[in-house]
Amino acid sequence: MRDGFESQIKIHKPTGKTGGPLVVLVFGGGFVVGDNQQLTAYSRGLARAFDAVVVNIAYRLAPEHKFPTAPHDTEDTLLWIAKNAESLGADPSKGFILGGVSAGGNLTACIAQKTLEDKSLAHPLTGLWLCVPLVFPNRDLVPDKYKEVWISHEQNAQAPILDKDAIDAIGGHLEPDQKSPLYSPFNSKNPHKGLPPTYFQVDGLDPLRDDGLIYEQVLSENGVKTKLDIWPGLPHAHFAFLPFLSGSKKAVVDTFVGFAWLLKTEVSLAKIQEVMAAPASG
């Protein structure tokens, strides 16, 4: 890291194969909890399904590490991974995807925008995965024509898993700069245009629902290819907290189909079931 801190990454590779696409995943947890083991099941499955090299990154958490430590850690790690892709056994020309869940989706959106503007990556990103992301930390950032439909923060203020009080508490721990492009891509000077194809996932009973829906619309208006999955009536990151629900099982399948779209390939239901049921080793 830029301040000398050493960050740990976890790498998942297909057995006996090299030269596949590169996928970098960023965990969620409101910038205050979580670690890079959170998305391990997805990482192993993606490595098997697409012969991909999947890297789970880490970033330091609030309140011990205030903003902008998390986006700085994410950016520095992504730059290192891109520079060392070949030594990791990946071929970014076959695909280079950055993605994350919740806070990880926020970090994905912000760092994708920043590295695009800076032209700082050794290999360009070819796709983004934004799962239930925080995009608008305050109403002022919502484009005027969408302000009246940005209602989920109030409509779902008492939703299970993530509610308005939790969102407010996260801000208090993080102490972010509300006007920084490292906290919302809408703070960037030249946002949106030129971003790679982006796959959105949105929960209907989520205070962050409209963040994802509006951002998808804005990217589409700016010529970015998008794919959107909406899970009506389900709370924030339901697939992680309520895995027994049929909607959670559907979310897993949707995720693999979405990654196939980003990688310009296809994946069958049988393949998804096979890779997610496989033992941890291999």
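Going through ILE81, ILE111 one at a time, which residue ends up being of a type in the set (A, V, I, L, M, F, W, C), outside any loop (DSSP other than H, G, I, E, B) and over 25 Å from ILE214 (Cβ atoms)?
ILE81
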*From the list ALA90, ALA62, ALA109, which one is over 18 Å from the mean Cα position of the chain (by Cα), buried (at least 24 other Cβ atoms within 10 Å of the Cβ) and in contact (Cβ under 8 Å) with a residue 12 or more places away in the chain?*
ALA90
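One line per residue, one yes/no per condition, for (1) in contact with a Cys (Cβ under 8 Å, 6 or more places away or on another chain); (2) modelled with pLDDT of 95 or more; (3) among the hydrophobic types (A, V, I, L, M, F, W, C); (4) closer than 23 Å to LYS225 by Cα:
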residue: GLN155; (1), (2), (3), (4): no, yes, no, no
residue: ILE161; (1), (2), (3), (4): no, yes, yes, no
residue: LEU174; (1), (2), (3), (4): no, yes, yes, no
residue: LYS179; (1), (2), (3), (4): no, yes, no, no
residue: PRO196; (1), (2), (3), (4): no, yes, no, yes
*Do the conditions hold for LEU205, that is, is it under 21 Å from LEU25 (Cα atoms) and at pLDDT 95 or above?*
no
*Write out, first by first residue and then by second, each pair whose Cβ atoms fall under 7 Å of each other, whose residues are 6+ apart or on separate chains, and whose first residue, in the range 187-199, is basic (Lys, Arg) while the second is in a loop (DSSP other than H, G, I, E, B).*
LYS193/ASN222; LYS193/GLY223
*Among the residues of the range 39-47, is any buried (at least 24 other Cβ atoms within 10 Å of the Cβ) and not in a helix (DSSP H, G or I)?*
yes
*Hey, which of the helices (runs of 4 or more DSSP H) in the range 205-282, taking only ones fully inside, have at least 1 residues that are touching a strand residue (DSSP E or B) at 6+ places or on another chain (Cβ under 6 Å) and charged (D, E, K, R)?*
209-221, 246-262
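Identify, from the list LEU182, LEU195, LEU162, the residue that is crowded, with 18+ Cβ neighbours inside 10 Å and touching a Phe, Trp or Tyr at 6+ places or on another chain (Cβ under 8 Å). Spell out the reasoning first.
On the way: LEU195 fails: touching a Phe, Trp or Tyr at 6+ places or on another chain (Cβ under 8 Å); LEU162 fails: touching a Phe, Trp or Tyr at 6+ places or on another chain (Cβ under 8 Å).
Going through LEU182, LEU195, LEU162 in turn, the sole match is LEU182.
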*asked:* Among the residues that make up the range 153-174, is at least one of them under 26 Å from PRO197 (Cα atoms) and not aromatic (Phe, Trp, Tyr)?
replied: no
*Find all pairs meeting these conditions: Cβ atoms under 8 angstrom apart; at least six residues apart or on different chains; first residue within the range 224-235 and under 13 Å from VAL132 (Cα atoms); second residue surrounded by fewer than 16 Cβ atoms within 10 Å (Cβ to Cβ) and of a type in the set (Lys, Arg).*
TRP231/LYS250
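The values are calculated or read from the model by the stated rules, or taken from the named source; none is laboratory data. On a predicted model such as this, the values are computed, not experimentally measured, just so you know. Quick reminder, even Gly has a Cβ in these numbers, built from the backbone with ideal geometry, and neighbours come from all protein chains shown.
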